[in-house]
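Below: the structure, in structure tokens.
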Amino acid sequence: MNTVVLPVLVPLLAGLVCAIVPTRTPKRALAVIACVLQMVIAAGLLAATADGTRLGLLLGGWKAPLGIVLVVDLLAAIMLGLSALMLFVATLYGFGEKGNHSEHPLRLALLQFLCVGVNLSFLTGDLFNLFVAFEVMLLSSYALLTLEAKGTDARFGFDYFIMNVVGSTLFLCLAGLAYGLWGTLNFADLSVKMAAETVRSRVVVFSVLSVLVFGMKAGVFPLYYWLPRSYPTLPPPVAAFFAGMLTKVGIYVLLRLFCTVFPPGLQEATSLVGWLSVGTMIFGVLGALSRNTIRGVLSYHVISQVGYMTLCVGILSPAAVTACIVYIAHHIIVKASLFLIGGVAARIQGTDELTLMGGVARSHPLLAGLFLLQAFSLAGLPPLSGFWGKYLILVEALQQERPWFVAAALVAGILTLMSMLKIWLATFWGAPRTPSTSHLSTPSKARAVFVGTLSAAVLTAVSLFVGFGFPVVYAFAETASQVALDASGYASFVAGLQSK
């Protein structure tokens, strides 16, 4: 069997079985096996594409551009590896958070189905199946948003639902426009026909509409309000996966379109992305400073950090694309770990309201140390992973003579540090809470704290590797950037698949 299809097939089968099996113990065992298998598959694809090789598969016997094409290059392989890691850690944390008899019977299945949509988004080679991937991802996320919502929290999922329905409608319009103008939805075919397009305004309009559609999915200013309202209602492991992966799917698609599909020189669209990124960074971090819960602060930070990644799309030089890939890897790992750490701290204190917390560092110094490392990384302090991503972005923005982009990135970084210190001082520093929490000291709490800390430690170790092993990470990111920007090579590769 062609390994290209396995990142979709494995979670799909695992999700179906998890939904059917009534007993939780075998269901958990199956989920772990599926997660490990996905990491092994992703590692194999990463090794196979590390030298710039592309892998592809035509499904159903129909040749492109009519048939379904799956393509894996190094950029897609990196994203698949990060997706598999996030799924594994979220699943592991969930085992500690919920006892074997209290876990919702559909959570594991829905997480696997969510991964189907995410992975298909990274693999697909045409707009129609990208739409299918988004719908699979969104249907699973709608269910997860309301599955374990407490009280009236489910109403916040309505904002998420409405914005994504609007986005999906615009996506259909985008696909219809592409087919009406160029008679194809295949990425390789589109890249050839767009490059030969004589009416430049058609390509400009299509690229700007793409920014609107996928910018909405990524949480770009001013269309991000749904994100900080819905993410805080999720259980910590699910929130960690959402915060780590879902917005990055939108960013990945923007990268793929601007690097591989669109012709170079679309200044109107790239400038729009750049200035929207400035607003995303600044308003996102200001929102984080205004929140008084750990989940609220971290949710707004998802938005702010998205701005750094889309800023690279706005610059769109080879160095900027490399910086974007480095920053995506950093942010997925760090942001997911911070949501997990916040969930453990809330379990210890019985709340994540900053005004009601304190003294966690005294009782759980390891957890406090993990938070401090990841907070400094998010803020961009050297030599942690966040520093290298921001350094690459700032250097390239200076070389491209974009001083306002540099200023916005620096201001957002300083305010990020301030908001993370706000969590540190309120949650981990100072005296413990005055009200007694001894009634919370149960075996289930101890298990949740241990497994949660272990999960966060795994991600922190990976984050430290990204920082201290940066030359290796940079080499992968640079190769991925070169391959992604090789639009003619991509088109030739897909054409070669047709002839086999």
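The values are calculated or read from the model by the stated rules, or taken from the named source; none is laboratory data. Since we're looking at a predicted model, the values are computed, not measured. A quick note on method: Cβ atoms are made from the backbone with ideal geometry, for glycine too, and the neighbour counts reach across all protein chains shown. We work out accessible area using only protein heavy atoms, side chains counted, and drop any ligands, DNA or RNA first. Shrake-Rupley method; radii C 1.70, N 1.55, O 1.52, S 1.80 Å.
The set of residues in the range 449-495 being closer than 19 Å to S317 by Cα, surrounded by fewer than 19 Cβ atoms within 10 Å (Cβ to Cβ) and over 20 Å from the mean Cα position of the chain (by Cα) consists of A475, Q482, D486, S488, G489.
What about L311, is it under 30 Å from L212 (Cβ atoms) and not hydroxyl-bearing (S, T, Y)?
Yes.
If you take the residues in the range 387-418 that are surrounded by fewer than 20 Cβ atoms within 10 Å (Cβ to Cβ) and among the aromatic types (F, W, Y), which one is farthest from L298 (Cα to Cα)? Looking at the filtered set, the residue picked out is W404. The requirement of being of a type outside the set (S, T, Y), crowded, with 19+ Cβ neighbours inside 10 Å, at pLDDT below 90 and not in a helix (DSSP H, G or I) is fulfilled nowhere in the range 430-437; no residue meets it. In the range 142-171, of all residues being assigned to a helix (DSSP H, G or I) and among the polar types (S, T, N, Q), the one that is surrounded by the fewest Cβ atoms within 10 Å (Cβ to Cβ) corresponds to T169.
Out of all the residues in the range 72-92, is one or more at pLDDT 90 or above, open to solvent by less than 50 Å² (accessible area, probe 1.4 Å), outside any helix (DSSP H, G or I) and among the hydrophobic types (A, V, I, L, M, F, W, C)? Within the range 72-92, one or more residues are at pLDDT 90 or above, open to solvent by less than 50 Å² (accessible area, probe 1.4 Å), outside any helix (DSSP H, G or I) and among the hydrophobic types (A, V, I, L, M, F, W, C).
One residue alone among V306, V297, V261, V278 is surrounded by 24 or more Cβ atoms within 10 Å (Cβ to Cβ) and over 30 Å from N186 (Cα atoms), and that residue is V297. Report every pair of residues separated by at least 6 positions or lying on different chains whose Cβ atoms are under 9 Å apart, first residue within the range 386-402 and closer than 12 Å to H331 by Cα, second open to solvent by 40 Å² or more (accessible area, probe 1.4 Å). So the pair list comes out as G386/F376; F387/F376; F387/L381; W388/P382; W388/Y474; K390/L410.
Here S210 clears all of (1) of a type in the set (S, T, N, Q); (2) at pLDDT 90 or above; (3) open to solvent by 10 Å² or more (accessible area, probe 1.4 Å) except the condition numbered (3).
Taken together, T453, T460, T416 contain a single residue that is under 22 Å from G287 (Cβ atoms) and among the β-branched types (V, I, T), which is T416.
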